[in-house]
Amino acid sequence: MEKLKGIMQLLRKECPWDQKQTPQSLTKYAIEEAYEVEDAVRSGQVHAIKDELGDLLLQVVFQSEMYAEQGQFDFNDVVNAIIEKLIRRHPHVFDQENYDTLTAEQVKQLWDQIKQQEKQQRGETTSRLDQIKHGPALTQAQDIQENVSNIGFDFATVNDAMKKVHEEWAELDEAIMTKEPSKIEDEFGDCLFAMINVGRKLNVSSEMALLSTIQKFRQRFAFIEQTAFAQSKSIEDMTLAEMDVLWEQAKLQQK
């Protein structure tokens, strides 16, 4: 870690690109690297996982170095903060004398309870939904739905949830007729939210399902490109009908 921190400090002094970065300009890279980690883990390729974890770690070191330059905190402060938080939020591990053995679900409930207590101590307004992280929208939606479901704010069955999808779809149709962008966006979002709820009730992760579909699309489109190249054709000059034929071939290959 000391060697990595030293390299980062040198880059901030000597590399024009690294010098011009700010905490704000770098956040998008942290998000991208987190997704790269997910993709690598999904692939199961150990060397790729190791590589992407390193890229993600670099983002933490880079951000920490910029704040250290401002005299705010450094990488060691970041490490110490997470150590303190882990100990504080795992009393069943670090204070076993006062805690019985807990199940995984009870551990999660204890974690959330301690987070709420921490916010109250800081004088922050609390809500059940505060515990939902501001991550990918699909994941946020599913986590919010799961959270409120725990107190009974939920459709009774999958069929009931599907009825909501049809209702929102009809409202989207109406919004499209108005040609008002804000209304269309609003109703489109409602449709997505309703679909995610159906997936949740079917024990389907919307995030994972969509990522799987994206990967499938990437592979099929790559097949179209490769086949076109093998036939000495430019994909830009192919008709939609020609590409559809290759798309169907790609689907058969995947099966």
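Worth pointing out:
- Difference of contour (0.36 nm per residue) and Cα-Cα distance, residue 244 to residue 14: 77.7 nm
- In a fully extended conformation the segment linking residue 55 and residue 39 would gain 4.4 nm over its present Cα-Cα distance, using 0.36 nm per residue.
- Considering helices alone, the calculated mean residue ellipticity of the chain at 222 nm is -25500 deg cm²/dmol, with DSSP H runs of length four and up weighted by -39500 (n - 2.57) and normalised per residue.
- Filter on 5/216; 28/216; 115/163 - keep pairs with C-alpha separation over 30 Å: 5/216; 115/163
- When you restrict to C-alpha pairs under 8 Å that are six or more residues apart and normalise by the size of region 2-88, the relative contact order lands at 25 percent.
- Rg ratio (alpha-carbon, reference 2.2 N^0.38 Å) - region 173-239: 1.68
- Normalising the average separation of contacting C-alpha pairs (under 8 angstrom, six or more residues apart) by the number of residues puts the relative contact order of region 87-201 at 20 percent.
- Point-to-point label distance, residue 117-residue 215, nm (Cα→Cβ direction, 7 Å offset): 4.0
- Within region 1-74, the chymotrypsin sites (Phe, Trp or Tyr not before Pro) that combine a DSSP coil assignment with at most 16 other C-beta atoms in a 10 angstrom radius are 73.
- Residues of type lysines that residue 164 reaches as a straight line, Cα spacing below 26 Å, ignoring anything fewer than 8 places off in the same chain: 133, 179, 183, 201
- Relative contact order (%) - criterion: Cα under 8 Å, at least six apart; region: region 143-255: 20
- Extension gain, residue 4 to residue 234: 0.36 nm times the residue separation minus the Cα-Cα distance gives 78.3 nm.
- Region 208-254 - Rg over Rh from alpha carbon coordinates, Kirkwood radius: 1.02
- Region 135-202 versus region 1-53: alpha-carbon centroid distance in Å: 35
- Only helices reaching 27 angstrom along their own axis (Cα) with mean Kyte-Doolittle hydropathy no lower than 0.0 count here, and for the DSSP H runs of the chain these are 46-69, 206-230.
- Over all pairs of different C-alpha atoms in the chain, the reciprocal of the mean inverse distance, the Kirkwood hydrodynamic radius, equals 23.3 Å.
- Cross-link partners of residue 3 among aspartates and glutamates, defined as those whose alpha carbon lies under 16 angstrom from its own and excluding same-chain residues fewer than eight positions apart: 55, 65, 74.
- Burial ordering of 239, 27, fewest other beta-carbon atoms within 10 Å first: 239, 27
Each value in this text was obtained by applying a stated rule to the coordinates, not by laboratory testing. This structure is a prediction, so every number in the text was calculated from the model and none was measured. We place every Cβ from the backbone using ideal geometry, glycine too, and count neighbours over all the protein chains shown.
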